[in-house]
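Each reported figure results from applying straightforward, stated rules to the coordinates on display, with no laboratory input. Model, not experiment: these values are computed from the prediction. Here the Cβ positions follow ideal geometry from the backbone for every residue, glycine too, while neighbour counts run over all protein chains shown.
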Amino acid sequence: MAEKECHGIRRVDKYVDPEGREVSVFVQVFGKDKDDGESLVKGAVMLRMAGVAPNGMQMPAQNIRLEWAFPEGTSIKKAFELFDAAAQAEVDKFKKDMDERSKAGRIVRAGSASLPPLLGANGKAMQIGG
């Protein structure tokens, strides 16, 4: 039962081991997918992040919750066995996405008002594209 296919009411059971790993099991109780017998197993971790503002000032730390779904048919025991590797993969993916967003925000587009006009050999502004 993939997450996007869940319709109706689900029962959620949470399991936590001594190291603080959290696994949630979603079981369909009422609705379209009730009779398939499958459950959705998700893992979750909390990250404490402190960002840096564009002006270089340190921003206050905040907690971010990352959740991911384990492959279909994963048991609770198997989810705890796979937890560390899955959590690391999710954190790496999150870091990569944040780096890409940060880099995209630093790009200055040509023709921006913040750029001075291009000057030609005669010292006058060049006309580009037209």
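Cβ under 14 Å from Phe83's Cβ, Phe83 left aside: what net charge do those residues give with Lys, Arg +1 and Asp, Glu -1? Result for the local shell: -2.
Near Trp68, the amide H atoms lying under 5 Å from its own belong to Gly43; only residues 5 or more places off or on other chains count, and H is placed 1.01 Å from N.
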